[in-house]
1. From LEU39, LEU16, grab the single residue that is touching a helix residue (DSSP H, G or I) at 6+ places or on another chain (Cβ under 8 Å) and closer than 22 Å to ALA109 by Cα.
2. May I ask you to list pairs of residues, at least six apart or on different chains, whose Cβ atoms are under 7 Å apart, with the first in the stretch 117-136 being over 16 Å from LEU76 (Cβ atoms) and surrounded by 13 or more Cβ atoms within 10 Å (Cβ to Cβ) and the second being modelled with pLDDT under 95 and of a type in the set (Val, Ile, Thr)?
3. Tell me yes or no: at least one residue of the stretch 101-115 is on the phi < 0 side of the Ramachandran plot and in a loop (DSSP other than H, G, I, E, B).
4. Given the options ALA102, ALA40, name the one that is out of contact with any strand residue (DSSP E or B) (no Cβ under 8 Å at 6 or more places or on another chain) and aliphatic (A, V, I, L, M).
5. Which residue out of GLY70, GLY53, GLY74 is more than 20 Å from HIS124 (Cβ to Cβ) and touching a Leu at 6+ places or on another chain (Cβ under 9 Å)?
6. Taking the stretch 118-151, which residues are over 18 Å from ARG83 (Cβ atoms), assigned to a loop (DSSP other than H, G, I, E, B) and among the charged types (D, E, K, R)?
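The values are calculated or read from the model by the stated rules, or taken from the named source; none is laboratory data. Just so you know, these numbers come straight off a predicted model, no measurement behind them. Using ideal geometry, Cβ is built from the backbone for each residue, glycine included, and neighbour counts are taken over all protein chains shown.
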Amino acid sequence: MVRLTPMNAEEFAPYLENLVRTYAEENARAGRWSQADALAESRKEIERLLPAGRETPNHSFFQIASDPAGERVGDLWLAIEPRGGFVYDLNVYEPFRRKGYAEQAMRLAEGVARDRGASKISLHVFAENRGARKLYVKLGYSETNVMMSKPLAP
């Protein structure tokens, strides 16, 4: 029902800008960064992870396409690192959510990671993203650490 196709340079630029913005929003909402600093911090962190952008070794960027129609339904960023495969980003576009695309894309990503020598695959998910957490548990992922915080009254 889906396939992963490598992103080209023209597709990567808008993907990266959206990723920076979305990651900033998620981290600000989670309390990791202030709203004022979030965009700059997001850009800095992603530039650290991708010093050569799309050409950074061991990092792959895919479009998630419906099959056979070929309609782009999302994006996926997968890295092969010493710790194993790591999914840095999985985004199924809003109109296509809750239709099985994310599950199928993750299964394909696991195959890519395995084919590239990874013996495990990991990811990070924000606590408030209950839908994604439910999907990952369904796929056999388990929590390896939990970070907690509590706002303090002035």
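1. Working: LEU39 fails: closer than 22 Å to ALA109 by Cα.
So the residue among LEU39, LEU16 that is touching a helix residue (DSSP H, G or I) at 6+ places or on another chain (Cβ under 8 Å) and closer than 22 Å to ALA109 by Cα is LEU16.
2. Cβ pairs passing all conditions: ARG133/VAL125.
3. Taking the stretch 101-115 and keeping what is on the phi < 0 side of the Ramachandran plot, we get 101-115.
Those still in the list that are in a loop (DSSP other than H, G, I, E, B) too: none.
No, the stretch 101-115 has no match at all.
4. Working: ALA102 fails: out of contact with any strand residue (DSSP E or B) (no Cβ under 8 Å at 6 or more places or on another chain).
Of the residues listed, the single one that is out of contact with any strand residue (DSSP E or B) (no Cβ under 8 Å at 6 or more places or on another chain) and aliphatic (A, V, I, L, M) is ALA40.
5. Values: GLY70 fails: touching a Leu at 6+ places or on another chain (Cβ under 9 Å); GLY74 fails: more than 20 Å from HIS124 (Cβ to Cβ).
Criteria check complete, one pass: GLY53.
6. Across the stretch 118-151, the qualifying residues are GLU128, LYS150.
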